[in-house]
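Enquirer: Sharing a structure with you now.
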């Protein structure tokens, strides 16, 4: 070689230095966020200390919240938090996953395509774009649900949902009051309105993540299922959904986390009463609502108690995430189709 | 990447230097900051705005964060003055070095509003409304209610009680009154900013309680008079200590305040006024000042401001639904302004 021209060359000192610096920066920020979480938990635990020592585990199992007698217990709040979140998750997952299947299977697009075909304009430069655009709009509409502020959901629940469901609820109570779920009447705020609104709030999380996960299912799996003579219904239930299960579960767990921590809408709809009841129509309370309502006017002594309650909420959220991750590992292990 | 990084650094720098720029004094002027009760907040905001616009260079900032937080801020000395509907307990006062001076600047009353179709001017006896909030009186056609409301079409429906979910001075005053008229209520749940109500659903703030009552047939709850008048809500006529039934109004609330002598510390509770024309649930709300100020500008501004509030300012209160102080009271409060002094080593 006459001339020693190489395209590749070792990194210059400057490049090496910036590279190291950037890597360091990334590490720092990553550790910083972990440090922040630890710091938050530590600070809450510190402030909760006096209450933990004074009330101990009895705090978790008693149901009186009376600042006058200095008796504090959060059993109704723990129950309310878990009960509303689980019910909302049940409704939200059913609708959310169904909506995700509807979108990923392209039903809406197919339907519009069919109409266009009837008029012989399915490949028209303008009309031909309609199926895709309709799908896109539907996807954005559902994701838009996540952008509605919590307080708007609360107001909507208060002024629309409650008056709407009250007659049906009170009819159910009158006719089937012997059934534990209907054992009280719905005066206004209560578990059911809170659950209905909460399930709508968590719907976009479930739908968006499930849809993404469904769209990554390899097409060959679907074709193979059809090739074996499976119907569309069977293909979706037995092949597509199990393959996408990991992502769907992840979405559901994320949604559960959001449901547990949701504050404003629940504080407006759940009734905030220290009642421990399985009835869907009874008022209840949640930990997040208790904290939001009580903090601004709390005495120094109460603050420690509230920090204890916050610690419990943190614990529940953490437990849900850990259990969720464990379930995810176990259930999705054998479910996925060949890749 | 480079411009982006630079942008991030500039933002970081700006964020870091922000606390350095903000100080208590605005250029050539005086800044007073206060925090506390949300009940008198609309009136305070109006006063402070009027005063600072007629006094150039004066800036007064009021955060309506609730009585409890207001007291906390005064103890922590993070504000120049506080405000509270529940006054300030002697223990809390003792925690402030140099002492505090409480000044009642305005008053209000608490009304019971309800949602009953076709029932106007609902009358409630003392036993009836104490019973309702104890969960003892459960139905609207209870004899206790029906007896004093002849001719009213009271439905055979449950009473849906709505109370405040957040700790509030309004609740404190209301439960203090209920404790005064009902020994049973005094024993349990008792007077508190957030008591352990035996009955009802809970909503946040006056607006939350109002929304719950308006959307729930058969509901009853307590809210501030000013809020009820501005929303045009029905207000129950209550029996007072003398047995007379009195509707809430500025005059009847002033009668309640006048029935209670104001002691030297200016903390008086009209928990159960004993006068024929007095509405039973009325209360003062207090501004909490330190007894000594170390900043001359702040001291003079505060004195000027308080003088304004106690004279011209009182004219604004009725429009906003507050109760103007009876003149005997405002004279006494003005005299108490002398207890607020400038520290000898002031700058």
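A short reminder: the numbers here are calculations on the coordinates, not readings from a lab. These numbers come from a predicted model, not from an experiment. Positions of Cβ are generated from backbone atoms using ideal geometry, with glycine treated the same way; all protein chains shown enter the neighbour counts.
Enquirer: Kindly evaluate residue A:52 against the criterion of being touching a residue at least 60 places away in the same chain (Cβ under 8 Å) and either under 20 Å from residue B:195 (Cα atoms) or in a helix (DSSP H, G or I) (or both).
Expert: Answer is yes for this residue.
Okay, residues lined up against (1) within 12 Å of chain A (Cβ to nearest Cβ); (2) surrounded by fewer than 24 Cβ atoms within 10 Å (Cβ to Cβ); (3) touching a residue at least 24 places away in the same chain (Cβ under 8 Å); (4) more than 20 Å from the chain's Cα centre (by Cα):
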| residue | (1), (2), (3), (4) |
| --- | --- |
| B:63 | yes, yes, yes, no |
| B:72 | yes, yes, no, no |
| B:92 | yes, yes, no, no |
| B:97 | no, yes, no, yes |
| B:101 | no, yes, yes, no |
| B:137 | no, yes, no, yes |
| B:155 | no, yes, yes, yes |
| B:158 | yes, yes, yes, yes |
| B:178 | no, no, yes, no |
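Enquirer: Right, here's the next one. Hey, can you tell me all the residues within the stretch B:234-250 that are surrounded by fewer than 19 Cβ atoms within 10 Å (Cβ to Cβ) and not in a strand (DSSP E or B)?
Expert: Answer for the stretch B:234-250, where residues must be surrounded by fewer than 19 Cβ atoms within 10 Å (Cβ to Cβ) and not in a strand (DSSP E or B): B:234, B:241, B:242, B:243, B:244, B:247, B:249, B:250.
Enquirer: When the stretch B:180-206 is examined, which residues are found to be part of a helix (DSSP H, G or I), more than 10 Å from chain A (Cβ to nearest Cβ) and touching a residue at least 12 places away in the same chain (Cβ under 8 Å)?
Expert: B:180, B:181, B:184, B:185, B:206, listed by residue number.
Enquirer: Quick one: in the stretch B:139-153, which of the residues that are in a helix (DSSP H, G or I) and surrounded by 14 or more Cβ atoms within 10 Å (Cβ to Cβ) is nearest to the chain's Cα centre (by Cα)?
Expert: For the stretch B:139-153, the residue satisfying everything is B:145.
Enquirer: Looking only at the stretch B:190-211, count how many residues are in contact with a helix residue (DSSP H, G or I) (Cβ under 7 Å, 6 or more places away or on another chain) and over 18 Å from residue B:138 (Cα atoms).
Expert: Matching residues across the stretch B:190-211 total 12.
Enquirer: Quick check on this structure: which one of A:159, A:182 is more than 19 Å from residue B:202 (Cα to Cα) and either in contact with a helix residue (DSSP H, G or I) (Cβ under 9 Å, 6 or more places away or on another chain) or surrounded by 23 or more Cβ atoms within 10 Å (Cβ to Cβ) (or both)?
Expert: Details: A:159 fails: more than 19 Å from residue B:202 (Cα to Cα).
Only one candidate passes the filter, namely A:182.
Enquirer: While we're looking at this one, here's another question. Can you work out which of the residues in the stretch A:57-77 that are part of a loop (DSSP other than H, G, I, E, B) and in contact with a helix residue (DSSP H, G or I) (Cβ under 8 Å, 6 or more places away or on another chain) is nearest to the other protein chains (Cβ to nearest Cβ)? Working first, answer last.
Expert: Residues of the stretch A:57-77 that are part of a loop (DSSP other than H, G, I, E, B), as a first pass: A:57, A:62-64, A:67-70, A:73-74.
From what's left, in contact with a helix residue (DSSP H, G or I) (Cβ under 8 Å, 6 or more places away or on another chain): A:62-63, A:67, A:70, A:73-74.
Numbers: A:62: 12, A:63: 10, A:67: 5, A:70: 11, A:73: 11, A:74: 13 Å.
In this case the residue turns out to be A:67.
Enquirer: Still on this structure, I have one more. If we keep just the residues of the stretch A:261-287 that are part of a helix (DSSP H, G or I) and buried (at least 22 other Cβ atoms within 10 Å of the Cβ), which is farthest from the other protein chains (Cβ to nearest Cβ)?
Expert: Initially, the stretch A:261-287 is screened for residues part of a helix (DSSP H, G or I), giving A:261, A:264-269, A:287.
Those left that are additionally buried (at least 22 other Cβ atoms within 10 Å of the Cβ): A:265-269, A:287.
Details: A:265: 12, A:266: 11, A:267: 6, A:268: 7, A:269: 10, A:287: 14 Å.
Per the stated criteria, the residue is A:287.
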